[in-house]
Amino acid sequence: MPQRSVAEASNPFREGIRIKQSLEPCVMVIFGATGDLTHRKLLPALYNLALEHPLPAGFSVVGFARRPYSDEDFRQQALNSINEYSRQKPVNPQIWESFAAGIHYLQSNFHDLAGYEKLGTLLNQIDQERGTAGNRIFYLSTPPSQYPEIIQNLGAAGLNRNRKGWTRIIIEKPFGHDYNSAKELNRQVGKVFREEQIYRIDHYLGKETVQNILVFRLANGIFEPVWNRRYVDHVQITVAENLGLEGRSGYYEEAGAIRDMIQNHMLQLLTLVAMEPPIAFDANAVRDEKVKVLHALQPLVGREAATNSIRAQYGPGWVGGHQVPGYLEEQGVSPESTTETYVALKLFVDNWRWAGVPFYLRTGKHLPKRTTEIAIQFKQAPLMLFKRSEAHGQVEPNVLTLRIQPDEGISLKFGAKVPGTDMQIRAVNMDFFYGSSFVREQPEAYERLLLDCMLGDSTLFTRRDEVEAQWTLIQGILDEWKTEPRSNILTYESGTWGPQAADEFIWRDGHRWRRP
Amino acid sequence: MTFYVDNDVQYNEGVRELAKVNIDSSGPRLPWAGKKVHIENVEEELSFLWRMTADNVRTSRNINVRTSVLNLVICAANIEIAQQASKFMREVMSTHIARFTLLILEEHGDNPPGVFTWVTLRSFPIISDIMRHNFEQVTLLASGGAVRSVAHIVQPLLKPDLPIYLWWLNDPPYGSSVFAQLARLSSRVIVDSNTFIQPEDGLNFLSSFMQQAPDSAISDLNWGRVTPWRELVAQFFDVAEYRPYLSGVHRIEIEHAVTADNASTAEGDVSPDPIQALLLAGWLKTILNWKLAHDSAEHVYDPATGTFSWHIVRPTGALTLHSIGISSGKTGKLSVHEDGVISIRPRVQSDMRPGTICLVRLISDLDKKYAIFSLNRGDDAEHVFTSVELSEGTRSQRTVQVATANDAVQLLHDELEIIGRDHLFEDSLQEVTELLAQK
């Protein structure tokens with residue numbers, strides 16, 4: 001049966017209502033239901049959706065994991081998660097009771113086909129009892145190494161599609177470990193599910209401020225004309241964390257900053273800044289343009305990768321008033337580890353809009369503060385009228401900063417005359433704070449993304465060619481780093497903005513890193 | 001002396017001196033409205049207050065961002081009502097930071113024609129209580145003949161290039177041109193029919209005003225109270241299996257809360273008419289494209305029990321052949337219409353604000369199968385039990401949170417997010433006036 005988009009179904013009562021599309025009852029099966037992501041994000045997000053009732057009657061959750069839980073144990077775990085992490089506290093007992101009635105648990109190993117057959121029986125039973133009409137979402141929230149066997153077993157058990165309703169699968173990041181593994185994972189999931197059934201999640205895209213990048217660019221007429229190589233000098237994208245490993249050394253040793261941040265989140269930010277206006281705001285039109293940007297990125301291979309990237313590990317230092325150990329002294333980290341905790345890249349988008357404009361990306365752990373921002377630095381005025389006056393040398397370039405987190409907002413830096421009889425110019429910031437114009441609680445990124453998946457809208461999810469194009473760029477860098485001696489990995493003091501070499505890296509081009 | 005800027009902006013000695021010079025001692029005193037200034041000095045005084053908060057930022061955690069996303073103008077008929085509105089504006093501004101202009105229209109007072117203005121910056125906490133934001137409040141009292149020109153008088157006080165939302169408190173002024181003038185100035189006019197003393201007249205006035213001023217966008221907070229019910233009704237028919245039953249819906253029942261003795265409640269004096277129920281009925285009738293039966297004798301209104309019942313002619317969509325198949329050679333009957341009923345009745349529920357919807361039930365018959373879609377508020381004012389009863393059994397039961405939405409602030413929050421006209425509300429309001437005309 002072809003996948004039916006719920007958007008196509010017409011319900012006249014939806015006219016004039018906040019959610020215009022029909023949201024059909026469905027079951028969400030969470031693989032890795034006892035894990036951290038389920039605990040911190042998924043269950044609280046689902047509860048919030050139930051509380052604000054976009055979730056339809058009959059919506060159900062099935063936890064699928066190895067731990068020997070009963071339905072009741074899993075419900076208790078869900079309640080604990082919601083109590084701890086929901087943005088809506090305290091838990092409303094009546095809503096919880098109603099929500100909990102749809103929560104089930106199925107104990108099974110991920111490799112055990114019999115478990116999937118039991119799952120099929122349970123899903124049919126839920127369809128009967130709760131009217132979920134065969135609509136299913138499978139959420140892979142396990143370690144990535146288990147994705148292939150889960151996907152394969154879903155196919156083997158015939159759960160990848162059904163005659164009654166729609167079936168979708170959400171795949172958490174990291175999507176692959178390198179280009180080949182991402183391509184292989186795409187191949188495996190593509191054998192079992194059609195592309196329109198697959199939702200590769202990157203929670204950054206669920207953030208309001210990330211979505212606002214497109215609104216800012218494309219709903220305002222004044223920015224797009226200057227959004228190109230003629231006016232933009234360079235772009236800096238910063239994702240800084242002040243935290244260290246936080247007990248995730250096993251994962252981080254395998255990933256490093258380039259896989260953890262750059263391959264997904266930061267390339268998403270770059271594509272949203274650099275993409276052409278899509279012909280429509282729909283899933284494929286938006287993603288077509290993002291993919292074009294990724295294809296236009298100048299490949300970083302061999303010497304190009306070496307000269308346009310910096311990697312480093314944090315050493316001991318002070319962060320937030322606390323003394324912290326260096327990366328190599330962290331528990332669970334090999335003393336010989338080559339995993340980078342800091343990366344800086346210089347990228348070029350080879351198209352008519354951006355040719356010659358460098359995009360500097362940097363991310364790191366144990367940096368002085370947690371911040372994510374995109375700064376677009378404009379070229380200087382072509383003629384400096386004030387050069388013979390005292391203002392000469394005081395004029396700074398205009399910078400437009402999109403702050404993703406925290407202090408979400410937008411700033412524009414420009415020069416203004418200091419009041420007085422002489423001609424002094426000072427840079428001032430014109431600030432827009434989300435928090436001061438729209439003082440309201442923002443929904444969690446996962447709430448938005450889960451709802452979009454239920455509605456069949458994949459605009460904010462990553463497409464197959466997009467993820468492969470991301471990995472194409474990253475693979476060139478990884479290959480080059482593999483050939484370099486360990487001594488090439490620099491060290492920076494925790495609590496600083498990275499190694500000295502990163503400053504020199506950008507100084508070479510006559511620029512300097514912003515201090516966010 | 002902190003009353004000019006409430007809560008947290010402290011005047012220093014120099015400021016106090018300056019304030020003394022500017023105070024106009026004539027006319028009424030409204031300490032809660034801030035500092036009395038001449039209307040021409042409003043902007044200057046506001047700038048001065050912002051500069052003072054900037055000083056305050058250095059010593060505390062105030063955020064000194066002079067942001068507004070809209071103009072909110074509230075019209076009150078007297079000082080007492082205005083003061084009540086002013087009290088809860090801090091909460092409204094915590095979501096929509098606006099320049100808040102409070103108009104007091106003392107048209108019928110004994111005062112001679114006059115205009116008095118007050119300004120203040122008010123603050124509200126944004127992160128627990130340690131960080132605060134400010135918003136601007138301008139209060140303008142017009143008395144006597146000045147009321148007729150208030151739309152012109154207020155214009156210079158509005159922030160340019162931002163939408164203007166006008167909230168008209170209490171009943172609209174039948175027979176006065178002020179409402180129309182202010183409506184023309186505004187992007188959107190908001191009323192709350194729940195507080196109308198003469199609800200039927202008020203709704204009729206709004207309905208005819210919309211026809212006379214098609215460029216004005218009007219909304220009613222009572223429509224916001226109905227919105228959660230509309231969403232829940234819509235959710236029933238998101239389920240593909242239930243959607244066919246839409247064409248079989250032939251009876252709609254709505255119940256609304258009344259007190260046992262029809263007395264006013266702790267919520268205050270409220271409209272005796274079931275406006276929310278009427279708006280919901282009007283909406284259902286619009287969406288289902290139902291028409292009132294021509295014979296008005298078939299419509300029932302029993303003032304003793306407060307029960308309404310309308311006989312409806314409902315189109316069944318495409319031409320259908322009823323009862324006898326053509327292939328059998330027997331005569332058939334082609335029909336495009338069937339009968340239906342909309343019923344509104346009171347339910348004694350003393351713990352709820354009168355007029356609150358308590359039950360919505362849609363009854364459908366389709367091919368000898370029936371379905372009953374119910375939304376039923378139990379004893380608990382915050383929750384609604386939803387269920388679908390089919391011929392083969394009851395399904396899809398759950399409890400959802402639907403607060404009684406008495407909170408005008410929350411409803412106003414939602415209204416301030418809407419730009420432009422709400423055609424569905426306008427259509428539903430027209431339906432309501434048509435239903436009420438059958439009384």
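The values are calculated or read from the model by the stated rules, or taken from the named source; none is laboratory data. This structure is a prediction, so every number in the text was calculated from the model and none was measured. Cβ coordinates were reconstructed from backbone atoms using ideal geometry, including for glycine residues, and neighbour counts include every protein chain displayed. Ligands, DNA and RNA are stripped out before the accessible areas are found, and what is left, the full protein with its side chains, is counted by its heavy atoms. Shrake-Rupley method; radii C 1.70, N 1.55, O 1.52, S 1.80 Å.
Structure notes:
- Once the Cβ-Cβ distance of A:SER181 and A:ARG67 is raised to the sixth power relative to R0 = 30 Å, the FRET efficiency obtained is 0.65.
- For region B:176-230, carbon and sulfur atoms together expose 49% of the accessible surface, with a 1.4 angstrom probe and every protein chain in place.
- Placing a label point 7 Å from the Cα of A:THR307 along the Cα-to-Cβ direction, the residues of region A:462-491 with a backbone N closer than 17 Å are A:477, A:480-481.
- Shielding of B:238-245 by partner chains, average beta-carbon count, 10 Å: 6
- Helix A:283-296 vs. chain A, principal-axis angle (Cα, 0 to 90°, nearest 10): 40 degrees
- Gyration tensor (alpha-carbon) shape descriptor, region A:88-180, a/c threshold 1.5: oblate
- With respect to chain A, whose longest principal axis is taken over its alpha-carbon atoms, helix A:464-483 is tilted by about 60°.
- Burial here means at least 40 square angstrom less accessible surface with every protein chain in place than with the chain by itself, probed at 1.4 Å; in region A:50-66 the buried residues are A:HIS53, A:ALA57.
- Global form of the protein assembly as shown, assessed from the alpha-carbon gyration tensor, a/c cut-off 1.5: oblate
- In this structure B:HIS413 has an accessible area near 20 Å², from a 1.4 Å probe over the protein heavy atoms.
- GluC sites (Glu not before Pro) restricted to DSSP loop in region B:160-269 with at most 14 other C-beta within 10 Å: B:GLU267
- Chain A, relative contact order [Cα under 8 Å, separation at least 6], %: 17 percent
- Of the listed residues B:HIS38, A:HIS104, the order by accessible area with a 1.4 Å probe, largest first, is B:HIS38, A:HIS104.
- Rounded to the nearest 5, the antiparallel percentage of DSSP beta bridges internal to the protein assembly as shown is 60%.
- Packing here is the average count of other Cβ atoms within 10 Å per residue, and on that basis the peptides A:46-59, B:374-387, highest first, run A:46-59, B:374-387.
- Shielding by partners, peptide B:155-167 (average Cβ within 10 angstrom, other chains): 0
- Within the full protein context, the accessible area of A:GLU396 is estimated at about 90 Å² for a probe radius of 1.4 Å.
- Residues B:SER309, A:SER487, sorted by accessible area with the largest first, give A:SER487, B:SER309 [1.4 Å probe; ligands and nucleic acids excluded].
- The interface between chain A and chain B buries about 3100 Å² of solvent-accessible area in total (1.4 Å probe, ligands and nucleic acids excluded).
- Within chain A, percent of DSSP bridges classed antiparallel, to nearest 5: 55 percent
- Annotation for B:SER177 and B:GLU392: the two label points, set 7 Å from Cα along the Cα-Cβ direction, are 6.7 nm apart.
- Probe 1.4 Å, accessible area per residue of chain A, Å²: 42 Å²
- Per residue Cα convex hull volume in Å³ - calculated over region A:211-263: 122 Å³
- Student exercise, the protein assembly as shown dipole from Lys, Arg, Asp, Glu Cβ charges, in Debye to nearest 20: 2060 debye
- Each of A:ASP465 and A:ARG248 was given a label point 7 Å from its Cα along the Cα-to-Cβ line. The distance between the two points is 3.1 nm.
- Most to least packed among A:464-472, A:375-383, B:243-251 [average Cβ atoms within 10 Å]: A:464-472, B:243-251, A:375-383
- Charged neighbours of A:ARG229, selected by a Cβ distance under 14 Å, balance to -1 (K, R count +1; D, E count -1).
- Among the listed pairs A:LYS292/A:LYS379; A:LYS207/A:LYS369; A:LYS346/A:LYS379; A:LYS191/A:LYS292; A:LYS118/A:LYS183, those beyond 22 Å (Cα-Cα): A:LYS292/A:LYS379; A:LYS191/A:LYS292; A:LYS118/A:LYS183
- Options A:GLN263, A:LEU122, A:HIS322, ranked by Cα towards positive dipole end of chain A, top entry (Cβ charges): A:GLN263
- Projection of the Cα convex hull of region B:365-404, averaged over all directions and equal to a quarter of that hull's surface, yields 3.1 nm².
- Here the spin labels are modelled as points 7 Å beyond Cα on the Cα-Cβ line, and at A:THR491 and B:ASP339 they lie 9.2 nm apart.
- Just so you know, the Cα atoms of region A:419-516 work out to an Rg and Dmax of 22.4, 63 Å.
- For B:ASP161 and B:ASP367, a Förster radius of 56 Å and the Cβ-Cβ distance give a FRET efficiency of 0.45, rounded to the nearest 0.05.
- Rotationally averaged projected area of chain A (alpha carbon convex hull; nm²): 27.1 nm²
- Average partner coverage of A:94-105, which counts Cβ from other chains inside 10 Å: 3
- Label reach from A:ASP509 (point 7 Å along Cα→C-beta): in region A:284-326, amide nitrogens under 20 Å belong to A:293-312.
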